[in-house]
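The next block holds one structure in the form of structure tokens; read it before the comments.
The values are calculated or read from the model by the stated rules, or taken from the named source; none is laboratory data. Since we're looking at a predicted model, the values are computed, not measured. When we count neighbours, we look across all protein chains shown, and the Cβ atoms used for this are built from the backbone with ideal geometry, even at glycine.
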Amino acid sequence: MMKGRGVAIITGGSQGIGEAIARRLHGDGYTVAVMDLSMPQQLMREDVVKHFRQTDVTSADSVETAVQEILSTYGAIDVLCNNAGVSSMQRVVDMTEAEWDFNFDVNAKGVFLMTRAVLPTMIRQRRGIIVNTASMAGVKGVPLLAHYAASKWAVIGFTKSVALEVAQYDIRVNAVCPGFVKTSMQARELQWEGQLRGMKPSEVFDEYIRLTPLKRIQVPEDVAKVVGFLVGDDAAFITGEAINVTGGANL
């Protein structure tokens, strides 16, 4: 049975931003369920994650099965954090269809499939909160990330549109837009960007800090704190927003 404030599903919750969100929502009293391709072993050992289901967010069957399992176990879904995401880097002239589709399938289609799966329950409950992880790249152009940026712009457009559709059921839908976050994804991007621009990864990293007015690299907890706010009572009158969490990097 669920406890505390209700049941929160986090996709991509095994590491990085998703792991930080899981810890935050667990601390706030939610029963945390993670849907990911890899098991959050440490989080489960620490009893942060109560339920795990290996899920491919690009597959409607996988998503529907996972959501129904949550409902049969806990009977409700109070929060959905669509956090699963991928990236790759390439100049548009060299980009393949596979690279484009990979980014859109996970980053945009995954958000759609998960949202579609949980909305009937939230509408029936006449309550619910959805927070989508977009990106700074979803509000500004980013060289070498045209496909990733386009997928995150799609997330923001989807967020704003769904928020208007479901507000009548007291369901709030918002997005967070992180900047240069220190994760395993960023570690890969430092290598890729360095190769594409003829720079050392350390030089790219230093540039990220120079581009951030608060002059430090962002950590996953910076994003998780804002997600915690958006699912909390203090954000009860906020919906359809894309909140920048970038240290000023996109100003």
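Below is a table of values for the structure above.
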| item | result |
| --- | --- |
| The range 215-251, residues that are within 25 Å of residue 28 (Cβ to Cβ), among the hydrophobic types (A, V, I, L, M, F, W, C) and assigned to a loop (DSSP other than H, G, I, E, B) | 219, 236, 237, 238 |
| Residues of the range 147-166 satisfying the condition of being within 23 Å of residue 89 (Cα to Cα) and not hydrophobic (A, V, I, L, M, F, W, C) | 147, 148, 151, 152, 157 |
| Evaluation of residue 175 against (1) modelled with pLDDT of 95 or more; (2) aliphatic (A, V, I, L, M); (3) in a loop (DSSP other than H, G, I, E, B); (4) crowded, with 18+ Cβ neighbours inside 10 Å (one fails), failing number | (3) |
| Residue check, residue 18 crowded, with 24+ Cβ neighbours inside 10 Å and either out of contact with any Cys (no Cβ under 6 Å at 6 or more places or on another chain) or not in a helix (DSSP H, G or I) (or both) | yes |
| Pairs, first charged (D, E, K, R) and at pLDDT 95 or above in the range 222-239, second buried (at least 20 other Cβ atoms within 10 Å of the Cβ) and part of a helix (DSSP H, G or I), C-beta under 9 Å, six or more apart | 222/20; 225/20; 225/24 |
| Those residues of the range 127-152 which are out of contact with any Lys or Arg (no Cβ under 6 Å at 6 or more places or on another chain), closer than 23 Å to residue 192 by Cβ and not in a helix (DSSP H, G or I), in sequence order | 133, 139, 140, 141, 142, 143, 144, 145 |
| Filtered residue count, the range 21-49, keeping only those that are under 21 Å from residue 129 (Cβ atoms) and surrounded by fewer than 19 Cβ atoms within 10 Å (Cβ to Cβ) | 3 |
| Candidate set from the range 76-121 (those that are in a helix (DSSP H, G or I) and among the hydroxyl-bearing types (Ser, Thr, Tyr)); member that is farthest from the chain's Cα centre (by Cα) | 121 |
| Failed item in (1) surrounded by fewer than 23 Cβ atoms within 10 Å (Cβ to Cβ); (2) modelled with pLDDT of 95 or more, with residue 142 passing the rest | (2) |
| Qualifying residues in the range 87-101 (those that are in contact (Cβ under 8 Å) with a residue 24 or more places away in the chain and among the hydrophobic types (A, V, I, L, M, F, W, C)) - the one surrounded by the fewest Cβ atoms within 10 Å (Cβ to Cβ) | 92 |
| The listed residue being among the small types (Gly, Ala, Ser), touching a Cys at 6+ places or on another chain (Cβ under 6 Å) and modelled with pLDDT of 95 or more, out of 134, 163 | 134 |
| Residue that is farthest from residue 183 (Cα to Cα), among those in the range 212-231 that are surrounded by fewer than 16 Cβ atoms within 10 Å (Cβ to Cβ) and of a type in the set (A, V, I, L, M) | 214 |
| Out of 53, 124, sole residue that is assigned to a helix (DSSP H, G or I), over 16 Å from the mean Cα position of the chain (by Cα) and without any contact (Cβ under 8 Å) to a residue 24 or more places away in the chain | 124 |
| Where residue 132 falls short, out of the listed (1) more than 22 Å from residue 6 (Cα to Cα); (2) touching a Ser or Thr at 6+ places or on another chain (Cβ under 7 Å); (3) without any contact (Cβ under 8 Å) to a residue 60 or more places away in the chain | (1) |
| Subset tally (residues that are farther than 19 Å from residue 182 by Cβ and either free of Cβ contacts under 8 Å to residues at least 12 places away in the same chain or among the small types (Gly, Ala, Ser) (or both)) for the range 10-37 | 3 |
